[in-house]
């Protein structure tokens, strides 16, 4: 609660002065009697005991009027976060070559597992070099021979865990391949669709989330060898829609792919390696950057770099909805005033 005109409360300081004057004047009246012994035996009537009631009622009226004139108000604070965030599409290669091993904090895991784990750190934070991205729209697209939307762009990041758990290496040879161009194009389409949807909502006067920038983070360990779109076409499309593509080459050349065979574990070469020239070209075309990551620490460093480059700005708009509280005080004061006038002219009426 607050007072719109708190200075009016200073008038309350005059009320003790009025009480003092009243008590002084009341004590001045006197009559001389030869003896009051008999009068002392007479019990005071209720009227006599309450003779000062009209005065104190009037004091209460004055106090309520002063407080009412100060305009007490009860306010409800409403906080609305106007988020100018970043829409991020993760585009992850899940072709068979991503089954090659790499180091994750001293543990040997396949590349896809390492990418998924570090991606979680990027989204939720790791209490070290990654603070998390709680205010960003985040979605995921995976690709092998075909590109698929795994997780729609969402601010409800708690659901991403379940989506990530469903991402596995391709199992059928007919679905194996590396359609980098299709993966980028699908992610770009999802980002543009989200931006158009939010623009329509804001156009209807619905304040809310606004996309400050759109980015794609592409992680692959291979070369584009299938799909309907080339990486060059996909990069041009992303640039046209104002989307930056950060490209990350996972692993390196000559990596061994571990597979479980009939006679135990088998090792084979993981493929021809990362097409660094193409990934560099995609990043340069769209305004992103290209980096190589041979282990989880390198991946974290790259994500930390992206974290610094793509900052989210949050503006908290605060609104105070005030409700006037003086009306009940004034009504009570008027009721007491009427009561005081009634008493002064009936029960406590004085005849000069």
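The values are calculated or read from the model by the stated rules, or taken from the named source; none is laboratory data. The shown structure was predicted, so the numbers you read here are calculated from the model rather than taken from an experiment. Note: ideal-geometry Cβ built from the backbone for every residue, glycine included; neighbour counts use all protein chains shown.
What are the residues in segment 190-210 that are modelled with pLDDT of 80 or more and over 15 Å from residue 143 (Cα atoms), if any? Across segment 190-210, the qualifying residues are 191, 192, 193, 194, 195, 196, 197.
The rows are residues; the columns are (1) in contact with a strand residue (DSSP E or B) (Cβ under 7 Å, 6 or more places away or on another chain); (2) buried (at least 20 other Cβ atoms within 10 Å of the Cβ).
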residue: 94; (1), (2): yes, yes
residue: 98; (1), (2): yes, yes
residue: 122; (1), (2): no, yes
residue: 126; (1), (2): no, no
residue: 148; (1), (2): yes, no
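Checked against (1) crowded, with 22+ Cβ neighbours inside 10 Å; (2) under 15 Å from residue 222 (Cβ atoms), residue 169 passes all but condition (1).
Flag: residue 216 does not match the condition of being more than 29 Å from residue 297 (Cβ to Cβ) and in a strand (DSSP E or B).
Suppose the filter is closer than 20 Å to residue 215 by Cβ, over 19 Å from the mean Cα position of the chain (by Cα) and in the same structural domain as residue 223 (by TED's automatic domain parsing); does residue 141 pass it?
Answer is yes for this residue.
Here residue 112 fulfils each of the conditions (1) under 24 Å from the mean Cα position of the chain (by Cα); (2) part of a helix (DSSP H, G or I); (3) free of Cβ contacts under 8 Å to residues at least 60 places away in the same chain apart from (1).
Only one entry in 308, 258 is assigned by TED's automatic domain parsing to the domain that holds residue 99, in a helix (DSSP H, G or I) and modelled with pLDDT under 90, namely 308.
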